[in-house]
1. Among the residues of the stretch 1-31, write down those that are of a type outside the set (D, E, K, R) and farther than 30 Å from Pro140 by Cβ.
2. Is it fair to say Ala119 is modelled with pLDDT under 95, closer than 19 Å to Arg45 by Cβ and either surrounded by fewer than 16 Cβ atoms within 10 Å (Cβ to Cβ) or within 13 Å of the chain's Cα centre (by Cα) (or both)?
3. Among the residues of the stretch 144-164, are any within 25 Å of Gly53 (Cα to Cα) and either of a type in the set (Gly, Ala, Ser) or touching a residue at least 60 places away in the same chain (Cβ under 8 Å) (or both)?
4. For Leu24, which of the numbered conditions (1) under 25 Å from Ile113 (Cβ atoms); (2) in contact with a strand residue (DSSP E or B) (Cβ under 9 Å, 6 or more places away or on another chain); (3) hydrophobic (A, V, I, L, M, F, W, C) fails to hold?
5. From Val43, Val105, Val95, grab the single residue that is within 28 Å of Leu170 (Cα to Cα) and either surrounded by fewer than 19 Cβ atoms within 10 Å (Cβ to Cβ) or out of contact with any strand residue (DSSP E or B) (no Cβ under 9 Å at 6 or more places or on another chain) (or both).
Amino acid sequence: MTQEGCTIWFTGLSGSGKSTVSQLVAARLRERGLKVEVLDGDVVRTHLSKGLGFSKEDRDTNIRRIGWVCEILSRNGVMAIAAAISPYREIRDEVRSKNPQFIEVYMSCPVEILIERDAKGLYRKALAGEITHFTGVDDPYEPPLHPEVICYTDGRETPEQSAAKVLSSLTERGLIEEEG
């Protein structure tokens, strides 16, 4: 069986579990012998998008670049996984339109819980005014209207349960075979 490429796009606020769950999904797919690449927003910003700031225009450029790489990877039979805040619905929809097999995964977690967790201390800095243009504090985040998968990372699901939901969605779409 030839592997079909796709784009699995994780979106959500900072600290919502995008990197954690996307890495779990990637590991499960690799265990099946599939070709997978993860484009993590933080890593992409240090390489592909170095020099971009956090204005709306720069954020849009960053997401378009990630989307373009996903498009190339998926066209070549790779399962491209993007894990980026990608706060603006219009740009996510633009990326979707260029990626025929696009699975949007919304990491749903209220900002109040993320502020309590604040693993990297970013929310504390944003609330103190030390960081500006921080999504969910002084910049907007537009949740997807119709994501293919919603992961509830507010404590209702473990990262493993969220990863299982994503894998189940890939199975339902015929992109991977059912395990067993």
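1. Met1, Thr2, Gln3, Gly5, Ala27, Leu29
2. yes
3. For the stretch 144-164, residues within 25 Å of Gly53 (Cα to Cα) and either of a type in the set (Gly, Ala, Ser) or touching a residue at least 60 places away in the same chain (Cβ under 8 Å) (or both): present.
4. (2)
5. Val43
One line per residue, one yes/no per condition, for (1) within 15 Å of the chain's Cα centre (by Cα); (2) of a type in the set (A, V, I, L, M, F, W, C); (3) at pLDDT 95 or above; (4) surrounded by 14 or more Cβ atoms within 10 Å (Cβ to Cβ):
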| residue | (1), (2), (3), (4) |
| --- | --- |
| Leu73 | no, yes, yes, yes |
| Glu90 | no, no, yes, no |
| Ile115 | no, yes, no, yes |
| Glu130 | no, no, no, no |
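Residue by residue, here is whether (1) outside any loop (DSSP other than H, G, I, E, B); (2) over 22 Å from Leu167 (Cβ atoms); (3) of a type outside the set (Asp, Glu) holds:
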{"position": "Leu29", "(1), (2), (3)": "yes, no, yes"}
{"position": "Leu34", "(1), (2), (3)": "no, no, yes"}
{"position": "Leu39", "(1), (2), (3)": "yes, no, yes"}
{"position": "Leu52", "(1), (2), (3)": "no, yes, yes"}
{"position": "Thr61", "(1), (2), (3)": "yes, yes, yes"}
{"position": "Gly67", "(1), (2), (3)": "yes, yes, yes"}
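The values are calculated or read from the model by the stated rules, or taken from the named source; none is laboratory data. Bear in mind the structure is a predicted one, so any value in this text is a computation, not a measurement. Here Cβ is always computed from backbone atoms with ideal geometry, including for glycine, and neighbour counts include all displayed protein chains.
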